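Student: Mind having a look at this structure? Questions to follow.
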Amino acid sequence: MIDRVFSTVVFAAAALVVAALVWVLTDVVSEGAARISWAFLVTEPRDAGRAGGIAPVLVSTLWVLVIALAAALPLGLGVAIWLSEFAPKQRGFAAYTGITLDVLAGIPSIVYGLFGNAFFSVYMGLGYSLLAGGLTLACMILPVFIRTCESGLRQVSDDWRQGAWALGMTRAAAVCHVLLPAARPAILAGLVLGIGRATAETAALLFTSGYVDRMPESPLDSGRVLAVHIFDLSMNVTGGDGAAYGSALVLIVLIVLLNGLAQSLVDNWFKRRISQ
Amino acid sequence: MFQRLTGLLLAVALCLSAYGVQAADNRLILTGSSTVAPLVLEMAKRYEQQHPQVRIDVQTGGSTRGVNDTRTGLAHIGMASRNLKPTETGLRVHTIAIDGVGIIVHRSNPISSLSNTQIIDIYTGKIRNWKDVGGRDLSITVVNKAEGHSTLELFLNYFALKNSQVRPSIIIGDNEQGIKTVAGNPGAIGYVSIGAAEFSQARGVTIKRLPLEGVAASVAEVQAHRFPLARPLNLLTGKSPSPLARRFIAFAQSEAVADLIADQFFVVPR
């Protein structure tokens, strides 16, 4: 009896979560699908975003994402490798690094926005720019990315490390050819989490990459990302709901595409490594 | 290897600095009110079309940010959807549009007007049910704006209230949120931009505008300067703005942008 109640309750929980997701998706698809067309993707917004398309917004979003990942991936992998392979276990500087990362991971994104505005935009003189926005996002996704990669590397069995030493591999070679490929699922998970958080971010970007909806000409230009565009259209621009739904649908499709792309890239890259 | 890397970095740095210098005299940065930003963004686009070498970046952040950024020089021009406070000195004000603020209730509400005293009593919590002002037996949901919004300051000023006296049921942010909140709540009362309310009503959103002191809450009455509750939408500069800033402000105050002001549901100042 208790078992049956228990299984019903957990099933209901699962069904509730799926229902919520389906509801959101149905709402966005049914309201947004009518707005989507090739012209919507390749023209500039007009009349404060109510009419026209989202081409510059889409380009800005990709710019910010590429800058954020280009800054966060090498740095994050480096820190994760150091923490799991080279640092003295849970002592001294490594322990402090770990605590710092956990604190940073819990900070609300608006705080990163204020920091990014003060540090990248004002102190470093980048102004409102895609570069400032991308670097702010990099700071924001680093803690989670590092922690995910680190735990993935730690989970690799010590047999692999000993095997690599027995073959006379250097530590660097062992990391590149054995440990990183073995930690592939974790790195991918970190990447997907990072992409999701970065593409959906509004608060951290409003005051760093900014509000300008012109086609960016360089990374030093200000550019409005999709999330900021959706927020402005739904909360600030009267009559912007239709375009907001259209943009939201584009954002969802974009995140799905990017996650698929990340998966295939990571898979390909590491498969070659392992087979070499 | 290192030499090549250094060379590359130097080249990048040179490009960036050249870009910075080139950008200095034909680039304007505006920050401030989120109400004014969409309007000025459209004006900036039209100006850029006519002057292809100019770049005008419009950023948001609220009226107070507009004031502060202009005073510290972070922005060439600030945007504010209110008059300056006595402490905000050293700035020149250039009005580009007028925005009326009207009281709205749900469309199903049979009330057709409220006196100023009744509105004050509702917002201070002395009247809590619509039947006390001649309506149905339905409790009143008071929708107030969050601290820092200039519509809130305008509303409080006009009715001589302090925000601590107001007993709100719901606190909201931007205009559009106010319209959506009242439309979804039959007992609600709120105050929003008249142009936006008129437009939403025409599209079938379930709200109703109430007259104030006997004057209908319509764009036409705001235009005629008869509606009592209105605010200026301003551009702010320091005492001596740059030539480009001066030219853009003249453009923003000219006939050439009258259609843009109407498109954003504001009124051209006369």
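Laboratory data are not the source of any read-out in this text; all were calculated from the coordinates shown. The structure presented is a predicted model; accordingly, all values stated were derived computationally and were not measured. Using ideal geometry, Cβ is built from the backbone for each residue, glycine included, and neighbour counts are taken over all protein chains shown.
Student: From Cα coordinates alone, what are the radius of gyration and Dmax values for segment A:38-275 in angstrom?
Tutor: 20.1, 68
Student: Would you please give the residues with an amide H less than 5 Å from that of B:Leu229, counting only those at least 5 places away or on a separate chain, with H modeled from the backbone geometry?
Tutor: Under 5 Å from the amide H of B:Leu229: B:Val101.
Student: Simple spin-label model, 7 Å along Cα-to-Cβ: B:Ala256 to B:Asp121 in nm?
Tutor: Here the modelled spin labels are 5.4 nm apart.
Student: Looking only at the protein assembly as shown, where both bridge partners belong to it, what percent of the DSSP beta bridges are antiparallel (to the nearest 5)?
Tutor: Restricted to the protein assembly as shown, the bridges split so that about 70 percent are antiparallel.
Student: Cα-Cα pairs above 17 Å in segment A:198-276: how many percent?
Tutor: 59
Student: Further, regarding this structure: About the Cα centre of segment B:25-122, what is the dipole size in debye to 20, counting +1 per Lys and Arg Cβ and -1 per Asp and Glu Cβ, all else neutral?
Tutor: Value, rounded to 20: 80 debye.
Student: Tell me, what is the Rg over Rh of segment A:179-238, with Rh the Kirkwood radius over Cα pairs?
Tutor: My calculation puts Rg/Rh at 1.17.
Student: Over segment B:99-223, what relative contact order in percent results from Cα pairs under 8 Å that are six or more residues apart?
Tutor: Over segment B:99-223, the number comes to 42 percent.
Student: Are there DSSP H segments in chain A that both extend 30 Å or more along their axis (alpha-carbon positions) and score a mean Kyte-Doolittle hydropathy of at least -1.0? List them, or say none.
Tutor: Counting only whole DSSP H runs, the qualifying helices are A:2-32, A:55-81, A:130-155, A:241-275.
Student: How compact and how long is segment A:1-118, expressed as Rg and Dmax of its alpha-carbon atoms in Å?
Tutor: That works out to 22.9, 62 Å for Rg and Dmax.
Student: Per the Kirkwood formula on distinct C-alpha pairs, the Rh of segment B:140-243 is how many angstrom?
Tutor: One over the average 1/r among Cα pairs gives 15.1 Å for segment B:140-243.
Student: If you don't mind, there's one more thing I want to ask. Relative contact order, percent, of segment A:38-275 when contacts are C-alpha pairs under 8 Å separated by at least 6 residues?
Tutor: 27
Student: Fewest first, what order do A:Asp47, A:Asp102 take by the number of other Cβ atoms within 10 Å?
Tutor: A:Asp102, A:Asp47
Student: Another question about this same structure. Could you grab the Rg to Rh ratio for the protein assembly as shown? Cα atoms only, Kirkwood for Rh.
Tutor: Ratio of gyration radius to Kirkwood radius for the protein assembly as shown: 1.04.
Student: Additional query: Given B:Thr64, B:Ile103, B:Tyr47, which one lies farthest toward the positive end of the charge dipole of segment B:37-106, if we put +1 on the Cβ of every Lys and Arg and -1 on the Cβ of every Asp and Glu?
Tutor: B:Thr64
Student: Please turn the phi angles of segment B:227-235 into ³J(HN,Hα) values with the Karplus equation 6.51 cos²θ - 1.76 cosθ + 1.60 (θ = phi - 60°), one per residue in order, whole Hz, x for glycine and proline.
Tutor: These are the phi-based 3J(HN,Hα) values: 6, x, 9, 9, 9, x, 9, 10, 9 Hz.
Student: Past the 23 angstrom mark, what percentage of all C-alpha to C-alpha distances in segment A:135-228 do you count?
Tutor: Result for the distance tail: 45 percent.
Student: While we're on this one: If amide hydrogens are placed 1.01 Å from N in the peptide plane, which non-local residues have theirs closer than 5 Å to the one on A:Gly52?
Tutor: A:Arg46
Student: Same structure, new question: How would you rank A:Glu201, B:Glu88, B:Glu255, B:Glu42, going from fewest to most other Cβ atoms within 10 Å of each one's own Cβ?
Tutor: Going from least to most buried by this count: B:Glu255, B:Glu88, B:Glu42, A:Glu201.
Student: Across peptide A:236-243, how many C-beta atoms of other chains are within 10 Å of each residue C-beta, on average?
Tutor: What the average comes to for A:236-243 is 6.
Student: Then there is this: For chain B, what log10 I(q)/I(0) values come out of the Debye formula at q = 0.08 1/Å, with one point per alpha carbon and no solvent?
Tutor: -0.40
Student: How do A:Phe270, A:Phe6 line up, fewest other C-beta atoms within 10 Å first?
Tutor: A:Phe6, A:Phe270
Student: Based on alpha-carbon positions alone, could you give the equivalent ellipsoid semi-axes of segment A:60-196 from the gyration tensor, as √(5λ), descending, whole Å?
Tutor: 31, 16, 12
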